[in-house]
Amino acid sequence: MKNNNKKNANKSIIVKPYAPNIGAIIKGIDLSEKISNYELNFIKDSFYKFQVLFFQEQAEISPENHIILGKYFGELHIHPAAPKMNNYPEIFEIHTHKDSKISNGAEDFHSDVSCDTEPPLGTMLQLHILPEYGGDTMFANMYMAYEALSDKMKFFLNELYSYHESEHFYKGRYEGENEVNKQYPSAIHPIVRTHPVTNKKALYVNKFFTTRIQGLNIEESKLILNYLFQHCEKTDFQIRYRWNKNDMAFWDNRCTLHKAIWDYHPMERKGRRVTIKGTIPY
């Protein structure tokens, strides 16, 4: 990563809300160069305010620099199931093409690896190859999803915990992975979690990993979870982002859900991501 002390000395940083409910576009920060303390604080403040940031007008950054960039925000998380990039286990390659049987993140709205005991706090994804059209990503604001509930429903959910499991989702998903004696992560998390920085409450369930509610029978659990899944996907909470080449998205897994749209087959979409370790939800 370049170390240019004069970087952005005469260039202002522009932040523009992407929509009223979630997201912002950031221009004027070159992520291929060393991040100054001012830029780092600006990014963090914007991240907590807007929940997902879209850094535009970027060059493709190398795997090494992508790892360095992620480490500005904390220790990096290693994905428990996906194939690792050669020499860069922190990198998760996102690649969908004409022969792909799956497209990562395309099935449903989710929070990345919420099945971990300490789920990732954030994800940084840069896309280098885009289809001619399509391939957008949707994001949903889970603060708003929580606030939209009635007071009695909030009171009810605040006391509940749910199981986040992964074997049903990860087993057999990735070709070439050795699954002999493989351990798939699982955890129990509060349905309503408190953000450790903003102290705001957010719904914390998703279709990928949340399987049942602790203390309820199967029928009750299914009924409540299905309601919450549908509620979290209301369009009032959502945006849909149209990518430009080399855009970098940085989203907060503690208070957002996201979903990649696979509407571009047989065209290609490729990029790299890192995730930053989080803490135990409370």
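For the chain, the residue among 221, 183, 63 whose Cα projects farthest onto the positive side of the dipole built from Cβ charges is 63. Each residue in 204, 174, 38 was given a count of other beta-carbon atoms within 10 angstrom of its own, and listing them fewest first yields 38, 174, 204. Taking the charge dipole of the chain about its Cα centre, with +1 at Lys and Arg Cβ atoms and -1 at Asp and Glu Cβ atoms, the residue from 54, 43, 142 reaching farthest to the positive side is 43. Straight-distance candidates among the aspartates and glutamates for linking to residue 16, with alpha-carbon spacing under 20 Å and chain neighbours fewer than 8 residues away dropped: 30, 39, 45, 57, 136, 236, 247, 252.
When the dipole is taken about the Cα centre of the stretch 10-111, and only Lys, Arg (+1) and Asp, Glu (-1) are charged at their Cβ, what size is it in debye, to the nearest 20? Each step should come with its number before you reach the end.
Working: 10 positive and 13 negative charges, 51 e Å.
Computed charge dipole of the stretch 10-111: roughly 240 debye.
Note on residue 101: lysines with a C-alpha under 18 Å away, same-chain residues under 8 apart excluded, are 171, 259, 270. Charged side chains reduced to their Cβ positions (Lys and Arg at +1, Asp and Glu at -1) give the stretch 184-282 a dipole of some 360 debye around its Cα centre.
Note on the chain: dipole from Cβ charges, positive end direction compared against 198, 120, 174; the farthest Cα belongs to 198. When both the stretch 255-281 and the stretch 46-62 are represented by their alpha-carbon centers, they are found 14 Å apart.
Read-outs: derived from the displayed coordinates by stated rules, not from any lab. Worth saying up front: this structure is predicted, and the values here are computed from it rather than measured. Neighbour counts run over all protein chains shown; Cβ positions are idealised from the backbone, glycine included.
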